[in-house]
Every structure is written in C-alpha cells, then in structure tokens.
Amino acid sequence: MALNWSYILVIGIGGFIGSIFRAIAVDFSNKYYENEFAFGILFVNIVGSFLIGLLYAYFLNSGSSELLKAFLIVGFLGALTTFSTFALDNYIYLNSSLMLAIVNMALNLFGTLLAVIAGVKIYELFA
C-alpha cells in the first residue's frame, strides 16, 4: 500500500466512523454498567479484534481492493479498538487496585487474541 490521498481519505473516514462507534459503546457501557471496570473499552477491543481476524482471513483469500482494506482495518477498526485507552485505564487502575489492573490487562490481551483466532477460524469454516 502506497500512502496517497485516496488512502488518507478512506482511512480518515473509517477512523471517523470507528471513533464514533467506540464513543457510543463506551457511553452505553458507562450508562448501563456503572462500575470501576472499563467494560466499554474491553467490549470494543474484543469485538474489534474479532472483526480484524475475520477480515484479515477474508482479505487473504479475496480480490478486495486495497482501499477497502485500508478503510475497514486501518481506519474503522483502528479507531474502534484502542490500546492507548487501555494503557491509560491500566495506569489509573494501578494507582488504585493492582488486582483490577491485572484483570483488565489479562482480559484485554487474551480476550482480543482469542477473538482474532475465532474470527479467522469462523471465516475458514465458511470459506
């Protein structure tokens, strides 16, 4: 992929949409699951990782355009999932509860890895 204005545009649009979806998921989580734990970020990281796995497997076996890949994976899912927020949450948790930080790290790291594996395997089942 050579970065040009077409790629910049589709990545930007995808990122715009993905970041809005993330904000909605976190807002929903905060409204309905009032807790110290960052369920909204965990949710978008796991769902986004599953979708990245699914799309990665699909794109390996399809003739999809590079612009579509850039839009979905780099733009939309890159903005939807966020390990920068993950890092900040853990920093905050470490200042209040080591156990909460460890649980958050473990669930995000292993949950997203398992979600990528599940996405690839589900694609392979139906391909």
- prompt: For residue 6 and residue 61, FRET efficiency with R0 = 25 Å and r from the beta-carbon atoms, rounded to 0.05?
  reply: 0.55
message: In whole Hz and in residue order, list the ³J(HN,Hα) couplings for segment 69-82 that follow from phi through the Karplus curve 6.51 cos²θ - 1.76 cosθ + 1.60, θ = phi - 60°; x for Gly and Pro.
response: 4, 5, 4, 6, 7, 6, x, 4, 6, x, 7, 5, 8, 8
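Please give the calculated 222 nm ellipticity per residue for the chain, where each DSSP H segment of at least 4 residues contributes -39500 (n - 2.57) and the sum is spread over every residue; nearest 500 deg cm²/dmol?
Taking each H run of at least 4 residues, the total per residue is -26000 deg cm²/dmol.
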message: For the chain, what does the relative contact order come out to in percent, with C-alpha contacts under 8 Å and a separation of six or more?
response: 40
message: Could you sort the peptides 76-85, 21-30, 4-13 by per-residue average Cβ neighbour count (10 Å cutoff), highest mean leading?
response: 76-85, 21-30, 4-13
message: Given Cα positions, please report Rg to Rh for the chain, the hydrodynamic radius being the Kirkwood one.
response: 1.03
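Only the coordinates and a few stated rules stand behind these numbers; no lab work does. Only a predicted model underlies this, so the values are computations on that prediction, with no experimental measurement involved. Please note: Cβ atoms are built from the backbone with ideal geometry, for glycine as well, and neighbour counts cover all protein chains shown.
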